[in-house]
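The values are calculated or read from the model by the stated rules, or taken from the named source; none is laboratory data. Since the model is a prediction, treat every value here as computed from it, not as a measurement. Neighbour counts are summed over all protein chains in view; Cβ atoms, including those assigned to glycine, are modelled from backbone coordinates with ideal geometry. In case anyone asks, the SASA skips ligands and DNA or RNA and just uses the protein heavy atoms, side chains included. Shrake-Rupley method; radii C 1.70, N 1.55, O 1.52, S 1.80 Å.
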Amino acid sequence: MDLIMQYIVTGLTVGSIYALIAIGFVTIYNITGVLNFAQGEFAMIGALTCITFVNAGLPMFISIVLAIVATAIIGFVIERTAISQARNSSVMNLIVITVGLSIFLKGLGLIIWGTYPKQLAPIIRMDPINFMGAVINPQSIVIFIVLAILLFVLYVFFDKTYIGSALKASEKNPRAARLMGINTKTMSALAFTLAAALGAIAGIMISPLTDATYEMGFLIGIKGFVGMVIGGMNNISGAVMGALLVGLLEAFSGGFVSTFYSDAITFLVLIVVLFLKPNGLFARATGERV
């Protein structure tokens, strides 16, 4: 029982990071129709930028805020310079562009920060917590809290504010949104900016638990994408549930089978879900009826 609880805690911790990435994927996809495969690199930039600010002597909280803002600005610049110019291209061309952006950002990270792994100091300094036989790292609690707060903030933003409603309108019917005076190009830039900030938060949250490197974004980006597809590509809550499921699958398969096969098992589940429920496991339960 103790081992199972430990796997649950580990799976939910990792899944929460994937969920933050998945939220960024969903945000961009549902507003612009673009699958941004550079989303993981936003996490890398956020993490390494935050570590750089901390090493320069800035307080932790200020470093986190500055890293999120810097990554958000990069997301905005990418949308304005690359995505916006190719808006009328085919879906495949847009995917190739985002893959190219991922490679470019990874190379930029290699040039700036090198290959040596870096680690962020714990955001909360306290001893591990024993819960039902499982050892919980305080950083895991921070990750759970941050995810819950972001879900609430995004719910309020998209459902209770004018800008959030404009973003949703741009996704539902771009032509009607333009007729209503909504600048869909501005909404696209805002979506990339928001997704980049979410990616930065994910990178910063995981950095105290594992090494941060220039290539860290690829794996968590892929896992976040898989979580989004399994849960449902059209709603945030479904993507979060899918990402948490991926984290649990990874923890339990690594514990009971082998870490060597955990990724293969996760992708096998993805294939089965796509075959049985192409819209995602939670699409019907959490999707919006129109």
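The set of residues in region 219-235 that are under 25 Å from Pro122 (Cβ atoms) and not basic (Lys, Arg) comprises Leu219, Ile220, Gly221, Gly224.
Output the residues belonging to region 43-58 that are open to solvent by less than 30 Å² (accessible area, probe 1.4 Å), out of contact with any strand residue (DSSP E or B) (no Cβ under 7 Å at 6 or more places or on another chain) and over 11 Å from Leu105 (Cβ atoms). Selection gives Gly46, Thr49, Cys50. Selection within region 202-224: residues that are in a helix (DSSP H, G or I) and out of contact with any helix residue (DSSP H, G or I) (no Cβ under 6 Å at 6 or more places or on another chain). The member of this set that is farthest from Val273 (Cα to Cα) is Leu219. Considering the conditions (1) open to solvent by 30 Å² or more (accessible area, probe 1.4 Å); (2) in a helix (DSSP H, G or I); (3) among the charged types (D, E, K, R), Glu79 is excluded by exactly one of them, (1).
Does region 252-260 contain any residue that is at pLDDT 80 or above and either over 26 Å from Asn137 (Cβ atoms) or touching a Pro at 6+ places or on another chain (Cβ under 8 Å) (or both)? No, region 252-260 contains no residue that is at pLDDT 80 or above and either over 26 Å from Asn137 (Cβ atoms) or touching a Pro at 6+ places or on another chain (Cβ under 8 Å) (or both).
Exactly one residue out of Phe260, Phe282, Phe256, Phe225 is of a type in the set (Phe, Trp, Tyr), open to solvent by 50 Å² or more (accessible area, probe 1.4 Å) and within 15 Å of Gly15 (Cβ to Cβ), and it is Phe282.
Yes/no matrix, rows are residues, columns are (1) hydrophobic (A, V, I, L, M, F, W, C); (2) closer than 20 Å to Val26 by Cα:
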{"site": "Ile112", "(1), (2)": "yes, no"}
{"site": "Pro117", "(1), (2)": "no, no"}
{"site": "Pro122", "(1), (2)": "no, no"}
{"site": "Pro128", "(1), (2)": "no, no"}
{"site": "Ile136", "(1), (2)": "yes, no"}
{"site": "Phe144", "(1), (2)": "yes, yes"}
{"site": "Leu147", "(1), (2)": "yes, yes"}
{"site": "Leu154", "(1), (2)": "yes, yes"}
{"site": "Phe157", "(1), (2)": "yes, yes"}
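In region 24-42, of all residues being in a helix (DSSP H, G or I) and over 23 Å from Tyr214 (Cβ atoms), the one that is most open to solvent (accessible area, probe 1.4 Å) corresponds to Tyr29. Among the residues making up region 146-159, a single one is open to solvent by 30 Å² or more (accessible area, probe 1.4 Å) and under 14 Å from Ile204 (Cα atoms): Val146.
Within region 146-181, if we keep just the residues that are polar (S, T, N, Q) and assigned to a helix (DSSP H, G or I), the residue that is modelled with the lowest pLDDT turns out to be Ser170.
Here's the yes/no breakdown for (1) charged (D, E, K, R); (2) in a helix (DSSP H, G or I); (3) within 17 Å of Ser207 (Cβ to Cβ); (4) within 21 Å of the chain's Cα centre (by Cα):
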| residue | (1), (2), (3), (4) |
| --- | --- |
| Phe53 | no, yes, yes, no |
| Ile62 | no, yes, yes, no |
| Ala67 | no, yes, yes, yes |
| Val96 | no, yes, no, yes |
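Picking from residues in region 121-145 that are open to solvent by 50 Å² or more (accessible area, probe 1.4 Å), free of Cβ contacts under 8 Å to residues at least 24 places away in the same chain and in a helix (DSSP H, G or I), the one that is farthest from Ile4 (Cα to Cα) is Ile145.
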